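Novice: Handing you this structure, nothing more for now.
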Amino acid sequence: MTYTHLISADQLKTLQASGAPLMVFDCSAELGNPAKADEMFADQHVAGAQQAHLERDLSAHDPTNAVNGGRHPLPKRELFAQTLQALGFNNAMQAVVYDRQGANYCGRLWWMLKWAGHDAVAVLDGGLQAWQAAGGAVESGPPMARPRGDFTLRPALRALAHTSEVAARLTQPAQTLIDARGGPRYRGEVEPLDPVAGHIPGALNRPFTDNLGADGRFKPRQQLRAEFDQLLAGRDPAGVVHHCGSGVSAVPNVLAMELAGYPPAALYAGSWSEWSRTPGLPVAKG
């Protein structure tokens, strides 16, 4: 069986026991403290997991190697494929991604693998906490060494939106922007990370945490559908473009919409951090 959106802790244990080609990625992170990711991984992770570091593995820092701007630019697909190869990943593998921060960071790798043409990738529902609660095996220390993989790119399965495209369609009703940041940042009341406070004019607000229940797992499909229907209020879901601060925490909204039965929506990975640094672009508050 191929998992393309979510996988439960029990399903992952069954998959491990089956001997099917599999790689589990720990994407735990802490914004503003990149070293914390290494500390968390070394302290405890799913047994056999590899680490996918937000800054080192899932972002580009040389503009010539990036496809967008902002605080966490996406690396070019070819460079991302090389990263996957270095981690030992192959096209035949089922990927399972998780973190311990409510899917805030692991969604980044879920989306990037889809963007690289790999459909067999799923988020561990409930993260490391759910895995531990289910009695899943954990270990400490560095990741296990693996032979170099032979992952090759395939046609992208998810759409990437760029600043120029978002700006050109800003007043068009066919585009609906959904901002995954918390309410205070969206309204422009506070801005701890970017140079300008506020949001892209016309954007709707749905904090990514709204997709999770009290148990840390994604809400049921019908509940997610009802909530997104209410948010969209008749707008065409085909025109939705998701964004956040730097293209990371928007992905839980992308995933939740798909869980709710909508077709895949585009991701504006540059997000507010690129928009707010681009001269001449409008800003809204409130």
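Novice: Taking region 57-107 only, how many residues are in contact with a Cys (Cβ under 8 Å, 6 or more places away or on another chain), in contact (Cβ under 8 Å) with a residue 60 or more places away in the chain and among the hydrophobic types (A, V, I, L, M, F, W, C)?
Specialist: Going residue by residue through region 57-107, those that are in contact with a Cys (Cβ under 8 Å, 6 or more places away or on another chain) are 58, 97-99, 105-106.
If we keep only those that are in contact (Cβ under 8 Å) with a residue 60 or more places away in the chain as well, we get 97-99, 105-106.
From what is left, the residues that are among the hydrophobic types (A, V, I, L, M, F, W, C) are 97, 106.
Selection size over region 57-107: 2.
Novice: Name every residue in region 25-57 that is in contact with a Gly (Cβ under 9 Å, 6 or more places away or on another chain), aliphatic (A, V, I, L, M) and outside any loop (DSSP other than H, G, I, E, B), in order of residue number.
Specialist: A42, V46
Novice: Out of G202, G234, G182, G245, report the one residue that is in contact with a Lys or Arg (Cβ under 7 Å, 6 or more places away or on another chain) and either modelled with pLDDT of 95 or more or more than 18 Å from Y262 (Cβ to Cβ) (or both).
Specialist: Details: G202 fails: in contact with a Lys or Arg (Cβ under 7 Å, 6 or more places away or on another chain); G234 fails: in contact with a Lys or Arg (Cβ under 7 Å, 6 or more places away or on another chain); G182 fails: in contact with a Lys or Arg (Cβ under 7 Å, 6 or more places away or on another chain).
Only one candidate passes the filter, namely G245.
Novice: Then there's this: Using the structure shown, decide if A284 is in contact with a His (Cβ under 8 Å, 6 or more places away or on another chain) and under 16 Å from W115 (Cβ atoms).
Specialist: On the way: in contact with a His (Cβ under 8 Å, 6 or more places away or on another chain): yes; under 16 Å from W115 (Cβ atoms): no.
It is false that A284 is in contact with a His (Cβ under 8 Å, 6 or more places away or on another chain) and under 16 Å from W115 (Cβ atoms).
Novice: Still on this model: Got a number for residues in region 77-121 being surrounded by fewer than 24 Cβ atoms within 10 Å (Cβ to Cβ) and hydroxyl-bearing (S, T, Y)?
Specialist: 1
Novice: Can you name the residue in region 1-20 that is small (G, A, S) and part of a helix (DSSP H, G or I) and, of all such residues, is nearest to K219 (Cα to Cα)? Walk me through how you get there before you give the answer.
Specialist: The initial filter retains those residues of region 1-20 that are small (G, A, S), namely 8-9, 17-20.
With the extra rule that they be part of a helix (DSSP H, G or I), the set shrinks to 9, 17-18.
On the way: A9: 16, A17: 27, S18: 28 Å.
In this case the residue turns out to be A9.
Novice: Give the residues of region 263-286 that are assigned to a loop (DSSP other than H, G, I, E, B) and under 19 Å from T209 (Cα atoms), sorted by residue number. I'd like the intermediate steps shown before the answer.
Specialist: Initially, region 263-286 is screened for residues assigned to a loop (DSSP other than H, G, I, E, B), giving 263-265, 269-270, 276-283, 285-286.
Once the filter is applied, which keeps residues that are assigned to a loop (DSSP other than H, G, I, E, B) and under 19 Å from T209 (Cα atoms), region 263-286 yields A265, A269.
Novice: Okay, next question. Among the residues of region 239-255, how many are closer than 19 Å to T4 by Cβ and assigned to a helix (DSSP H, G or I)?
Specialist: 5
Novice: On to the next question. Can you tell me which residue within region 215-230, out of those that are acidic (D, E) and closer than 20 Å to N205 by Cα, is surrounded by the most Cβ atoms within 10 Å (Cβ to Cβ)? Step through it out loud before you land on a result.
Specialist: Going residue by residue through region 215-230, those that are acidic (D, E) are 215, 227, 229.
Filter once more, keeping what is closer than 20 Å to N205 by Cα: 227, 229.
Numbers: E227: 16, D229: 13.
If we take residues in region 215-230 being acidic (D, E) and closer than 20 Å to N205 by Cα, then E227 is surrounded by the most Cβ atoms within 10 Å (Cβ to Cβ).
Novice: Same structure again: Does any residue in region 12-29 that is loosely packed, with under 15 Cβ neighbours inside 10 Å come within less than 7 Å, Cβ to Cβ, of a residue that is not aromatic (F, W, Y) six or more places away or on a different chain, and which pairs are these?
Specialist: Listed pairs, sorted by first residue: A20/Q94; P21/N90; P21/A92; P21/M93; P21/Q94.
Novice: Under 6 Å between Cβ atoms, at least 6 apart or on separate chains: pull out the pairs that start in region 139-167 with a residue that is within 30 Å of S271 (Cβ to Cβ) and end on any residue that is part of a loop (DSSP other than H, G, I, E, B) and of a type in the set (D, E, K, R).
Specialist: Note: pairs meeting the criteria are L157/D119.
Novice: Just checking, which of A133, A174, A167 is more than 28 Å from T83 (Cα to Cα), surrounded by 13 or more Cβ atoms within 10 Å (Cβ to Cβ) and out of contact with any strand residue (DSSP E or B) (no Cβ under 9 Å at 6 or more places or on another chain)? It would help to see each step written out before you state the result.
Specialist: Details: A133 fails: surrounded by 13 or more Cβ atoms within 10 Å (Cβ to Cβ); A174 fails: surrounded by 13 or more Cβ atoms within 10 Å (Cβ to Cβ).
Matching residue, one of A133, A174, A167: A167.
The values are calculated or read from the model by the stated rules, or taken from the named source; none is laboratory data. Quick caveat, the model's predicted, so the values are computed rather than measured. We place every Cβ from the backbone using ideal geometry, glycine too, and count neighbours over all the protein chains shown.
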